[in-house]
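Student: Below: one structure in structure tokens.
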Amino acid sequence: MLRIVSSVSRPSSTGLLGKVAVSTHAQHSSQYTLEESGRACWLKQPTLNLGRRSFSSTSSRGADITLTVDGKEVTVPQGSALIQACEAAGATIPRFCYHDRLAIAGNCRMCLVEVERSPKPVASCAMPAMPGSKVFTNTPLVHEAREGVMEFLLANHPLDCPICDQGGECDLQDQSMRYGSDRTRFHEITGKRAVENKDLGPLVKTSMNRCIQCTRCVRFANEVAGVEELGTTGRGNDMQIGTYVEKTMDSELSGNVVDLCPVGALTSKPYAYHARPWELKNTESIDVLDAVGSNIRIDSRGVQVMRIQPRTNDDVNEEWISDKTRYAYDGLRFQRLTTPLIKQGDRFVSASWEDALAAIADGLAASGAKDDEIQGIVGHLADTESMVALKDLINRLGSDNLALDQPGGSSAPVHGVDIRSNYLFNSTIPGVEKADAILLVGTNPRHEAAVLNSRIRKSWLHTGLEVGFVGERADTTYGYDFLGEDAKALSNFIAGKGPFVEKFKNAKRPLIIVGSALAEHPDGKAMYNDLAKFVEKNKDKLVTPEWNGFSILQRVASRPAAYEIGFVPSAKASKTKPKFIYLLNADEVDPKSIPQDAFVVYQGHHGDLGAQLADVCLPGVAYTEKGMTWVNTEGRAQLGRAAVSSPGASREDWKIIRALSEVIGSPLPYDNVLEVRDRLWDISPTLVRYDVTEPTSIDLALAGIKALATQTSGAKATGAPLRKPIANFYQTDPISRASVTMAQCTRAFVKGENYGFSEVGKGSQAAFA
């Protein structure tokens, strides 16, 4: 019987590490093989590819094969596991350890089936489908085998169902009812196995007495998250899963083990004892705390969000979400703006909507602001509809002074906004896995797009992907060639210096990923010029009809849509000192950039930094309380949906701006959200073509690269080093900064302090800057 076991060393501080392959022998033993190459140990091609569910000896598949499952002929690709063939035939195969996105373990034995001429049942997850095989999934032998496996699993399992958070959505409950015996043979038990609970941090609650050793969590940590902190000790009845040296699970994706665990051994610590699944209303929506646009399901009860879980979308987030996406929802309950506020002296006082809007109209008149002296600034979490409404209002007042709350946001971006391919992730998110060499410039995807980073790691593990890195050193969870951290390092690469050059040159599908922070850097213009010239020179590989290998990784949810609608200032407007400033969810704005004599309006859902700068605060609604449009880093428009009602007197953002336009005498020409989306269509039809990506044509993409080279020509580099734009992954926006859970993560993982549940030592600093 085949068993695949993955074992890959964690990257050292340089990011270079050994890749370990597993060789299979006739005796089914395993042997680790390493090959030295320069500073790193590189992977010898294994006979069986690490972590694959394919049993073929190479990455190429042969012809399809045909076999019979329960008398039904089914055709599957050669190399498929038997369990996949059974599912293709419509048979339901129970399982605990098997998972489509993890390596095969074959240790729960719940997926046993009968194969003709086999002396005993076989584990269908670990057995390759063979042509002409006859498989039976519903025979007395199979029933008896599954019943026996279930009996062993329940022998040591505690009777915790009434108090277990997994109750109602537990695989063990469901399968014991379906496949287990209706009576017990245990009558004289002196005691069940007892296992000490482990401290995995402030997010994952452990009840290790319930663990059935399926090792899903271990495989996820090793293969997907890239933090090899979970493993097994002991054998047989003494096997335990733990962290060896009592350390927390330091990963931006750690919460996914809660979804993977088929029993109640790993559950959500913030959600513990809060609700049962049948009490919750499910709403399909999207995440806006980064620019990936992960698909999520919001579970709510009444007016409160109880938890957030992932939805499967292979084109975006597969079935993973980051810990910030999953656990920051408690920030929706704290520091909320629920009523309009007007500053009187050094304090805010509550006001009605009529009084607040009138105060803004009076403030605009009193400021004497005209034309470009009126400025609109949008923040990280602004939706597309509200940005269009604000842009239209500012334009109707005669101003082109539009800005983003980021360094240099009051000027037009270096890459421009005329051609989409100059600011989007052109390879697409799943396209990352097709690349065979990646150059990262000014980005740490582990913080900026944790789910995307897991795809890069997957490709690095399974296909021998080569990665080059320009920027501040970081633990990315995969090995890379460190080229340097400034513009000179990029220039040296383009000049053909260094060992990574040859790897990139020989790649069939090379990919350059540029971080959004590069446009905010003093040397951003010079580095963009180098990149544009390099792409132009190598366009036969980097920009082809089948492949666009020049991608910009945005880190903020509102940014792609802001560029799409042209929310950038004109050259003249960017030099004008504003007298009236409208902050739309702008909480990262530099207070020094706000003139002391300017009248400031803040519209948002939290009393964060932007609200402290304002003369009038208008309460908007959060992403869980409205059905609006967001565009992710690859240009994919997605529709969020309201899961709960908004608190207090808060209103949808575009409606607030529409009401204000009436009061100041410049009414906007739309009265409902459908009319706003008609306006989106007028600006760019891609904004309302939901759930699809529209690639830029090769001619237009090359024209964009040429324009980028022209716009940035003559720029000189200062030599300033590139720095990580995200200092603390867990608190990057008003919602996560208001979250108690994210504050606990910051204490536990960033500062290595007591996070409120138990004492933890100094944690690894690898998961954050």
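A short reminder: the numbers here are calculations on the coordinates, not readings from a lab. What you are looking at is a predicted structure, and each value in this text was computed from that prediction instead of being measured. Cβ placement follows ideal geometry from the backbone for every residue including glycine, while neighbour counts extend to all protein chains displayed.
Student: Any aspartates and glutamates with Cα under 12 Å of the Lys503 Cα? List them, leaving off those in the same chain fewer than 8 positions away.
Tutor: Asp436, Glu466, Asp481
Student: How would segment 495-623 be classified by its alpha-carbon gyration tensor: rounded, prolate or oblate, with rounded meaning a/c under 1.5 and the a/b versus b/c comparison settling the rest?
Tutor: Prolate is the answer for segment 495-623, as a/c is 1.5 or above and a/b outweighs b/c.
Student: Also: Based on the alpha-carbon set only, what is the convex hull volume of segment 169-259 divided per residue, in Å³?
Tutor: Value for segment 169-259: 126 Å³ per residue.
Student: To one decimal place, what orientation-averaged projected area in nm² is obtained for the convex hull of the Cα set of segment 596-725? Mind dumping the intermediate values first?
Tutor: Values: hull surface 52.8 nm².
Convex hull of Cα atoms, orientation-averaged projection: 13.2 nm².
Student: Once you treat every alpha carbon in segment 278-397 as an equal point and sum by Debye, what is log10 I(q)/I(0) at q = 0.11, 0.17 Å⁻¹?
Tutor: At q = 0.11, 0.17 Å⁻¹ the computed log10 ratios are -0.61, -1.02.
Student: Please list, or write none, the lysines whose alpha carbon is within less than 17 Å of the alpha carbon of Lys205, excluding same-chain residues fewer than 8 places away.
Tutor: Lys247, Lys269, Lys324
Student: I'd like to compare 264-277, 360-373, 150-163: which one has the highest average count of other Cβ atoms within 10 Å, and what's the full order after that?
Tutor: Ranked by mean Cβ neighbours within 10 Å, highest first: 264-277, 360-373, 150-163.
Student: Which of Cys125, Thr476, Ser386 sits farthest toward the positive end of the charge dipole of the chain, with +1 on the Cβ of Lys and Arg and -1 on the Cβ of Asp and Glu?
Tutor: Cys125
Student: Shifting gears a bit: Mind jotting down the distance between the C-alpha centroids of segment 723-743 and segment 370-419, whole Å?
Tutor: Cα centres, segment 370-419 to segment 723-743: 24 Å.
Student: Under a straight-distance cross-link criterion of Cα-Cα below 23 Å, which lysines are reachable from Lys592, leaving out those fewer than 8 residues away in the same chain?
Tutor: Filter leaves Lys343, Lys370, Lys572, Lys575, Lys577, Lys579, Lys724.
Student: How high is the relative contact order of segment 48-155? Use alpha-carbon pairs under 8 Å, at least six apart in sequence, and give a whole percent.
Tutor: 27 percent
Student: Charges only on Cβ, +1 for Lys and Arg, -1 for Asp and Glu: so what's the dipole of the chain about the Cα centre, in debye to the nearest 20?
Tutor: Numbers: 86 positive and 91 negative charges, 341 e Å.
For this selection, approximately 1640 debye.
Student: Here's a follow-up. Do any GluC sites (Glu not before Pro) in segment 194-253 lie in a DSSP loop with no more than 15 other beta carbon atoms within 10 Å, and if so, which?
Tutor: Answer by residue number: Glu196, Glu246.
Student: I need the trypsin sites (Lys or Arg not before Pro) found in segment 152-192, filtered to DSSP loop residues with at most 14 other beta carbons within 10 Å of theirs.
Tutor: Values: sites: Arg178, Arg183, Arg185, Lys192; in loops: Arg183, Arg185, Lys192.
Sparse-neighbourhood loop trypsin sites (Lys or Arg not before Pro): Arg183, Arg185, Lys192.
Student: Percent relative contact order of the chain, based on C-alpha pairs within less than 8 angstrom and at least six residues apart?
Tutor: Across the chain, relative contact order equals 14 percent.
Student: Can you tell me the 0 to 90 degree angle between the C-alpha axis of helix 384-396 and the longest principal axis of the chain, rounded to 10?
Tutor: So the inclination is approximately 10 degrees.
Student: Report the Cα centroid-to-centroid distance between segment 228-250 and segment 534-613 in angstrom, as an integer.
Tutor: That distance is 45 Å.
Student: Helix-derived [θ] at 222 nm for the chain: sum -39500 (n - 2.57) over DSSP H runs of at least 4, divide by residue count, nearest 500?
Tutor: -6500 deg cm²/dmol
Student: Suppose the Debye formula is applied to equal point scatterers at every Cα of segment 48-155; what is log10 I(q)/I(0) at q = 0.11, 0.17, 0.18, 0.21 Å⁻¹?
Tutor: Values returned for q = 0.11, 0.17, 0.18, 0.21 Å⁻¹ are -0.33, -0.77, -0.86, -1.13.
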